[in-house]
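Read through the structure below, which is laid out as structure tokens, and then see the notes.
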Amino acid sequence: MRQTALRLFARLLPPLAALAMALPSQAQDLVVSAAASLTQAFRDVGEQYEKAHPGRKVVFNFAASGALLAQMQQGAPVDVFASADQPTMDRAASAKLLADGTRADFARNTLVVVLPSSSKLEPKALKDLAAPEFARLASGTPASVPAGKYTADAVAAAGLTESLQPRWVFGESVRQVLNYVARAEVDGGFVYRTDALIEADKTRIAFTVPTSNPVTYPIAQVAASTNAQAAKDFIAFVRGASGQAILQRYGFSPP
């Protein structure tokens with residue numbers, strides 16, 4: 001029955017195919033759906049969590065927060081959900097997808113504009129991106145990528161929505177946007193500071209983008225989890241000293 005359900009999810013929502021292939025085969029395995037910007041940090045967190053809990057295995061599913069929420073709404077078996085923004089987690093809560101009392105913030109980030117390392121341009125603020133030299137700008141799709149929504153709001157607050165509208169190249173995740181910039185396929189892009197640090201040899205940070213709300217990351221146990229204790233233990237590990245040390249090593253700030 002479980003395998004039949006997984007095949008159905010894969011047909012209903014293409015990204016579920018990759019998740020289905022990675023799903024655990026043993027009762028103690030833990031499925032964690034996490035925002036793409038957490039990829040490197042959470043892989044290290046998972047490794048240390050497994051060492052602290054012998055016999056348990058963490059299986060990660062990384063994608064844009066909105067895409068992960070859509071997967072869960074379709075019934076994908078997930079134990080822990082970590083989002084890159086509060087609104088996506090709010091929608092998960094409204095849909096009754098979260099276990100009561102398990103939601104908590106665990107990290108902060110900042111939005112930045114990055115340029116290809118080969119670029120000679122020197123923008124200092126959002127208004128500078130209106131210059132004709134910035135013909136192509138990359139951002140996550142605002143409807144599904146939290147960094148994209150932060151970007152759209154910041155651009156609107158700066159009064160640049162109309163002037164920049166023809167220049168956007170949208171990515172399905174913040175990591176895809178980072179790749180566009182690293183390959184110099186765009187003149188600039190909006191990503192989190194932690195992502196920019198990953199491609200420090202191919203990109204450079206131009207400036208920090210002001211956001212009306214802080215970029216905070218919430219985490220919660222999924223209500224339908226069949227590994228409730230392991231899910232709670234993982235969340236506690238992420239929020240504890242060991243998990244926080246790993247996150248800060250990758251550039252995240254405490255919540």
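Quick notes on this structure:
- Qualifying residue in region 199-206 (condition: small (G, A, S) and free of Cβ contacts under 8 Å to residues at least 40 places away in the same chain): yes
- If you go through region 206-229 and keep only what is over 30 Å from L30 (Cβ atoms) and buried (at least 19 other Cβ atoms within 10 Å of the Cβ), you end up with A206, V209.
- Test: Q28 is touching a helix residue (DSSP H, G or I) at 6+ places or on another chain (Cβ under 8 Å) and either more than 28 Å from S94 (Cβ to Cβ) or at pLDDT 95 or above (or both): yes
- Restricting T203, T151 to those that are surrounded by 14 or more Cβ atoms within 10 Å (Cβ to Cβ), modelled with pLDDT of 95 or more and closer than 30 Å to V58 by Cβ reduces the list to T203.
- Selection status of K232, surrounded by fewer than 24 Cβ atoms within 10 Å (Cβ to Cβ), assigned by TED's automatic domain parsing to the domain that holds D100 and of a type in the set (K, R): yes
- Restricted to strands (runs of 3 or more DSSP E) entirely inside region 124-225, those with at least 2 residues that are touching a helix residue (DSSP H, G or I) at 6+ places or on another chain (Cβ under 6 Å) and closer than 30 Å to L97 by Cβ are 137-140, 188-192, 215-221.
- I198 satisfies every condition listed in (1) modelled with pLDDT of 95 or more; (2) outside the structural domain of A92 (by TED's automatic domain parsing) except (1).
- Candidates V112, V155 - the one that is within 26 Å of A35 (Cα to Cα) and either touching a residue at least 60 places away in the same chain (Cβ under 8 Å) or touching a Lys or Arg at 6+ places or on another chain (Cβ under 8 Å) (or both): V112
- Among (1) without any contact (Cβ under 8 Å) to a residue 40 or more places away in the chain; (2) within 16 Å of the chain's Cα centre (by Cα); (3) not in a helix (DSSP H, G or I) - the single one P255 does not satisfy: (1)
- Note on region 168-210: residues that are more than 17 Å from the chain's Cα centre (by Cα) and hydroxyl-bearing (S, T, Y) total 2.
The values are calculated or read from the model by the stated rules, or taken from the named source; none is laboratory data. All of these numbers come straight from a predicted model, not from anything done at the bench. Virtual Cβ from ideal backbone geometry, glycine too; neighbours counted across all protein chains shown.
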